[in-house]
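The values are calculated or read from the model by the stated rules, or taken from the named source; none is laboratory data. Please read these numbers as outputs of a predicted model, since none were measured by experiment. Positions of Cβ are generated from backbone atoms using ideal geometry, with glycine treated the same way; all protein chains shown enter the neighbour counts.
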Amino acid sequence: MVARMIQLAAQPGRGKDLTKAMTERSLPILKQQPGFVEAIALTPETDQDHFVGISIWNSKADADRFTQGQNQQLLESYKPLLQAEPTFRSFNVEGSTTEVSSARAGR
């Protein structure tokens with residue numbers, strides 16, 4: 001499995017708008033993607049103008065397909081709320097309770 005992390009910085013005072021847009025627009029689309037496993041939306045307690053999203057995928061190919069497809073359209077729609085370009089990182093998932101569930105489901 002693979003995890004992708006996106007970090008976003010909102011325009012000052014627009015963090016709640018960004019978080020709402022990310023959770024209301026992105027999560028439903030992610031749920032429909034082949035190979036999608038889980039998503040986590042995070043905001044720091046001390047800085048509501050920042051957002052971190054983590055998505056878990058069955059394979060790198062699944063994550064890449066989303067990143068190169070619908071993700072581009074979503075990011076374009078968030079640009080008016082952003083202070084800077086988003087940053088991305090990819091990780092290999094070495095262990096997870098989600099991984100156990102996926103293995104049982106035959107994924």
Name every residue in region 7-28 that is surrounded by fewer than 19 Cβ atoms within 10 Å (Cβ to Cβ) and closer than 17 Å to Arg89 by Cα, in order of residue number. Gln7
Asp62 vs (1) assigned to a strand (DSSP E or B); (2) at pLDDT 95 or above: all pass except (1)
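So that you can scan it fast, the table gives a plain yes or no per residue for (1) surrounded by 15 or more Cβ atoms within 10 Å (Cβ to Cβ); (2) farther than 12 Å from Gln7 by Cβ; (3) touching a residue at least 12 places away in the same chain (Cβ under 8 Å):
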| position | (1), (2), (3) |
| --- | --- |
| Ile40 | no, yes, yes |
| Gly53 | yes, no, yes |
| Asn58 | yes, yes, yes |
| Lys79 | no, yes, no |
| Thr87 | no, no, yes |
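Confirm whether Gln73 is outside any strand (DSSP E or B), at pLDDT below 90 and loosely packed, with under 11 Cβ neighbours inside 10 Å.
Working: outside any strand (DSSP E or B): yes; at pLDDT below 90: yes; loosely packed, with under 11 Cβ neighbours inside 10 Å: yes.
Considered against the rule, which asks whether it is outside any strand (DSSP E or B), at pLDDT below 90 and loosely packed, with under 11 Cβ neighbours inside 10 Å, Gln73 comes out as yes.
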Look at Gly35 and say whether it is touching a residue at least 24 places away in the same chain (Cβ under 8 Å), in contact with a strand residue (DSSP E or B) (Cβ under 6 Å, 6 or more places away or on another chain) and at positive phi. yes
